[in-house]
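Here is the structure we will look at, set down as structure tokens.
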Amino acid sequence: MTPNTTIDPKALRNAFGAFATGVTVITTRQPDGTPRGFTANSFTSVSLDPPLLLVCLARTAHSADVFANAPHFAVNILAQDQKAVSGLFASRAADKFDQCAWTPGSAGVPLIDGSLARFTCARHQLVDAGDHLILIGRVEDFATTEGQPLGYFRGNYFSIGLEKDLAEAAAATKDSRLGAVLACNDGVLLKDDGDQLRLPLAPHPTLDSLTAKLAALGLTPLIDFVYAAFDDRTTGGHAIYYHGSVSGPLPPGYRIVPLADLAQARIANPAEAQMLARYAQDFRNGSFSIYHGTETTGQTRQIGA
Ligand SMILES: Cc1cc2nc3c(=O)[nH]c(=O)nc-3n(C[C@H](O)[C@H](O)[C@H](O)COP(=O)(O)O)c2cc1C
């Protein structure tokens, strides 16, 4: 890596682009009620108490004055199918809000339909920062939905392709299975077959099938990432297990096994037993890893806290 002593703004922008981010649309209303919005990837969560977030706004943006003076604004975190929405709000089109679906939220601030999370904020502070303004908002209201985010890296959009590819590979292979390690209170949700325990499996090896099954059991799942993907030589198929959490009343035929008891639990499938032992350890370490390989030997890769 060569240090850059004379700072070339273009090179600096490219280097900043090495930080992969999500994509947001920041929205507000100008004093006459007209909705305004722009695409931003400079969003950062700042504080939980008080609840603060920030976004950096170029002084050259058409909407800079409107946002600098707005008493309220919202941050809409885009889902992976909202690339066109990002493009629309990154343009200088005068009719951005005529070209996308939105709903007025609290304080009348427009909220973009289909976004993964929305935060409505009261303006907390405006900080001068070179050619940008830092808009700090105090969160007054927020909502989230399940789904995959739209990502941005070095000027290109990306989605969580690895997981999708793995899931599609699993779905395409005969004898493949898709299950989940689901945290529930202080334990893990397991299917109780009488004398043996198993992880919940989807009827068909797709994520939709898994979430539909959990919903049919009266549970509310929150699936977050692929936890293990491996070739199961005993069945000749792929196995893919997601990581997530679940809430709701315990359905008949299921048990919540506390983390401390996982090592001794009678898990029917040896690969699942190994995975649950790793899960208990990951949980204690406060950091999770993804496993890939075969049902008995493979590698783990750190994926975050
Ligand atoms: C992925 C992406 C991220 C962006 N992030 C920011 C940002 O954080 N801050 C900013 O001021 N502009 C950002 N822009 C550019 C603005 O969206 C763009 O300048 C837009 O035209 C501003 O709208 P306006 O001119 O109508 O205010 C980004 C554009 C894209 C495509």
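We did not get these values from a lab; they are worked out from the coordinates using the rules stated. Since the structure is predicted, the reported quantities are computational estimates derived from the model, not experimental observations. Positions of Cβ are generated from backbone atoms using ideal geometry, with glycine treated the same way; all protein chains shown enter the neighbour counts.
Relative to the current alpha-carbon distance between Asp208 and Phe153, full extension at 0.36 nm per residue lengthens the span by 17.0 nm.
Estimated from the Cβ-Cβ distance and a Förster radius of 45 angstrom, the FRET efficiency linking Ala90 and Ser247 is about 0.75.
Asp131 label point, 7 Å along Cα→Cβ, cut-off 19 Å on backbone N: hits in region 80-95? From region 80-95, the list is 90-92. Taking the number of Cβ atoms within 10 Å of each Cβ as an exposure proxy, the fewest-first ranking of Thr27, Thr60, Thr34 is Thr60, Thr34, Thr27. Per residue, the convex hull spanned by the Cα atoms of the chain amounts to 171 cubic angstrom. Compute the Cα gyration tensor for region 9-157, then decide on rounded, prolate or oblate, letting a ≥ b ≥ c be the square roots of its eigenvalues: rounded whenever a/c is under 1.5, prolate when a/b is larger than b/c in the other cases, and oblate in all that remain. Since a/c stays below 1.5, the shape of region 9-157 is classed as rounded.
What is the calculated FRET efficiency for Leu259 to Arg13, with r their C-beta to C-beta distance and R₀ = 51 Å, to the nearest 0.05? That gives a FRET efficiency of 0.65. Near Ala79, the amide H atoms lying under 5 Å from its own belong to Leu116, Leu150; only residues 5 or more places off or on other chains count, and H is placed 1.01 Å from N. Once the Cβ-Cβ distance of Ala277 and Asp175 is raised to the sixth power relative to R0 = 22 Å, the FRET efficiency obtained is 0.35.
Springs between Cα atoms under 10 Å define the GNM used for the chain, and in it the highest mean-square fluctuation of Asn14, Asn269, Asn76 occurs at Asn14. Each residue of region 79-92 is assigned a 3J(HN,Hα), and the resulting list reads 8, 5, 8, 10, 4, 5, 5, 4, x, 4, 7, 8, 8, 9 Hz, derived from the Karplus form 6.51 cos²θ - 1.76 cosθ + 1.60 (θ = phi - 60°), x at Gly and Pro. Amide H contacts of Ala40: Thr24, Val25, Ile26, each under 5 Å away and 5 or more positions distant or on a separate chain (H built 1.01 Å from N in the peptide plane; Pro and chain starts excluded). Label-to-label distance for His62 and Val46 is 2.7 nm, based on points extended 7 Å past Cα in the beta-carbon direction.
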